[in-house]
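Notes follow once the structure below has been shown.
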Amino acid sequence: MGLEEQDRPRPVVPRVGARLSYGLHRVLAANPAYRRVAAWIEGRPRAYRWFTRTERAVKEHLYGCRMCGQCALPTTGYACPMTCPKQLRNGPCGGVSATGRCEVHPAMTCVWVTAIERAGNAGHAADLDLLQRPVDHREQGRSSWVNYWQGRDDELAVPIGARPPHRRELGLRPR
């Protein structure tokens, strides 16, 4: 195994079931109260650091979260696509084996095989048909919960064929 291969993320099998995760997501769904909490957290750097460290510890332990700041867990059966060695957010690569093994780490199940099984078993298979926006690496290490509650994740996943949001709509500068 080369050094580059060792440095790549490893697929993670989540430690908590998809149904429970979807249930927790419903409890934590964005609403005006959470939006106020998120604004309060963002306005206090120490609180934001504490909140983000706690989020990282919990999500890393449960889902293998890589803290990309743009969480795709709710649309991938709560299997983190960032644990894919190729960090593919829209489905498996062409190298996944017939037995569902990862091309880069053959001893491990492809994170997308896990995602498909979990989403299907929890009745959320249609979520996998959403197109994930590319990762904005400037959000790395930031709280995805704060971003979600503040509405910054509203266009992270869109139906295939939908008009992609304009850069200004995403809060990005024009090129």
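The values are calculated or read from the model by the stated rules, or taken from the named source; none is laboratory data. Note that this is a predicted model, so its numbers are computed, not measured. Note: ideal-geometry Cβ built from the backbone for every residue, glycine included; neighbour counts use all protein chains shown. Note: areas computed on protein heavy atoms with side chains; ligands, DNA, RNA excluded. Shrake-Rupley method; radii C 1.70, N 1.55, O 1.52, S 1.80 Å.
Some observations on this one:
Residues checked against (1) open to solvent by less than 40 Å² (accessible area, probe 1.4 Å); (2) touching a residue at least 60 places away in the same chain (Cβ under 8 Å):
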site: ARG10; (1), (2): no, yes
site: LEU20; (1), (2): no, no
site: ARG26; (1), (2): no, no
site: PRO32; (1), (2): no, no
site: LEU73; (1), (2): yes, no
site: GLY77; (1), (2): yes, no
site: GLY91; (1), (2): yes, no
site: GLY94; (1), (2): no, no
site: SER97; (1), (2): no, no
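- Qualifying residue in the stretch 37-46 (condition: surrounded by 19 or more Cβ atoms within 10 Å (Cβ to Cβ) and in contact with a helix residue (DSSP H, G or I) (Cβ under 9 Å, 6 or more places away or on another chain)): yes
- Condition broken by GLU55, with the remaining ones in (1) acidic (Asp, Glu); (2) open to solvent by 20 Å² or more (accessible area, probe 1.4 Å); (3) touching a Phe, Trp or Tyr at 6+ places or on another chain (Cβ under 7 Å) satisfied: (2)
- Qualifying residues in the stretch 99-138 (those that are of a type in the set (S, T, N, Q) and either open to solvent by 30 Å² or more (accessible area, probe 1.4 Å) or over 12 Å from THR75 (Cα atoms) (or both)) - the one farthest from the chain's Cα centre (by Cα): THR99
- Considering the stretch 83-141, the residues that are among the aliphatic types (A, V, I, L, M) and in contact with a Gly (Cβ under 6 Å, 6 or more places away or on another chain) include one that is farthest from CYS71 (Cα to Cα), namely VAL113.
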